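For reference, the structure discussed in these notes is given below.
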Amino acid sequence: MAAESGRRVGVIGAGIVGLCAALWLQRDGHRVFLVEPGTPGEGASFGNAGCFNGSSVTPAGMPGVVKQVPRWLMDPLGPLALRWSYLPQILPYLVRFVRSATPEKVRAQARAMRPLVGPTVPLVRELAKMAGADTLVHQRGHLYVYRSAEALAKDGFAWALRRDNGVEVDEFDADELRQLEPSLSREYVRGLLVRENGHTSNPFGLVSAFVELFLRQGGEIVPARAFGFRLDGQRLTAIATDRGDQPADRAVICAGAYSKPLAASLGDRVPLETERGYHLMIRDPEIMPRIPTADADGKFVATPMDTGLRFAGTVELAGLDAPPNWRRSQILLAQGRRMLPGLAKEHAEERISMWMGHRPATPDSLPVIGPSRASPDVLYAFGHGHVGMTAAPMTGKIVADLVGGRAASIDIAPFAASRFG
């Protein structure tokens, strides 16, 4: 099919995924508008760990994860929290999550993810250069640290999955780890470095630069909340919003954790949940790692940023409406001080900032990418879970391919909404 340009395309959601899609669509010559009720980039794109990890092929639901859940829930410093009042609502999702965590399914999930996340650093660099923000993208690798050889052995299947999918890993013992990253606690005795991975030193700054580029190139931002679509048969005529219908030839749903009702309005019942994530920032920290560093057991990341040191991670299952539990951020501070003993035991309140956001998660940790059931004119690009920053550049490229009538540059069959029945 010949490539087509010059369409009016509405992208719903102005986070990193929506903006990458909008920029690739503009490059193809389409007239693009973003539908966004809030400030662009202030959702999950604002508060994540800022990582562009092409090695992120392992799903959240790994074999044996169910056995660890009770320990995590009982541990006040653990990486997982559940609001028990939310359990009846999330139970069907958790059943699907457990069913997706077989070795065979996990291997298939990893194979599907690698082409989506693998090219992230060169692609995001290309967009950042266009936006004049290339100084915000770095490639120093990503370090995973362990307190014992036994803890590393427990993650053996995850590391095998990465290596099987072409990820190269360098392993360090305690002494080598000290030389690589002197600020780390001596409790860590093993480290694995993935050199291909990158990060941004200012996630919101990068997204804001993409917004400015989008506007410079003639893009429009509609400050509205989308709630549905106007179809004439299978053809899209407009996106329905709380500020009136917005005429469009094509639409792309990139609304993160808020995408579920939009997909439902098109006949696709996607089991999308919010994995609420927290971060804590220390301004002017006493010490900072040079390389983004993940505590493999605590499931959190310490990322050096232009505005300070960010600790990000943990999962809370509590839905979209419950107020934040800031104790989850305080847990990250306690864990971070243990990781980096050079940090002060106390910090003035004005040096600390906290954040909570909604990761859009599916039970199998694969995003939803491709056409909707009701109309080929409405495309999905949501549900990226923990890898929104990483998967956004390629997802945006795929969206542009599909809108332009080209075959996607990677196999997107595993990401179809129809996989949920």
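Where a number appears in this text, it was derived from the coordinates with a stated rule and is not lab data. Predicted model, so just to flag it, every value in this text is computed and none were measured. Cβ placement follows ideal geometry from the backbone for every residue including glycine, while neighbour counts extend to all protein chains displayed.
So here's what we get for this one:
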item: Structure-based [θ]222 nm, the chain - -39500 (n - 2.57) summed over DSSP H runs of at least 4, per residue, nearest 500; result: -9500 deg cm²/dmol
item: Dipole of segment 52-123, positive end: most advanced residue of S85, N53, V65 [Cβ charges, Cα centre]; result: V65
item: Distance (nanometres) between label positions extended 7 Å along Cα→Cβ at R338 and R178; result: 2.2 nm
item: Label-zone membership for segment 16-47, site R406, 7 angstrom Cα→C-beta point, backbone N under 15 Å; result: 21-30
item: Potential extension, R186-E104 segment - 0.36 nm per residue separation minus Cα distance; result: 25.8 nm
item: Extension gain, E220 back to A240 (0.36 nm per residue minus Cα-Cα distance, nm); result: 5.6 nm
item: Calculated P(r) of segment 202-356 - Cα pairs past 19 Å, %; result: 66 percent
item: Pair D232, S5: separation of 7 Å Cα→Cβ label points (nm); result: 2.6 nm
item: Separation in nanometres of the label points that stand 7 Å from Cα toward Cβ, at L82 and R269; result: 2.2 nm
item: Contour minus Cα-Cα distance for D321 and M74 (0.36 nm per residue); result: 86.5 nm
item: Cα gyration tensor shape for segment 375-421, rounded if a/c is under 1.5, else prolate or oblate; result: oblate
item: Mean separation of Cα contacts under 8 Å, 6 or more apart, over the residue count of the chain: relative contact order %; result: 26 percent
item: Pairs beyond 24 Å (Cα-Cα), from K154/K299; K105/K299; K260/K299; K105/K154; K129/K397; K67/K105; result: K260/K299
item: Cα-based shape type of the chain, given that a ≥ b ≥ c are square roots of the gyration tensor eigenvalues and the cut on a/c is 1.5; result: prolate
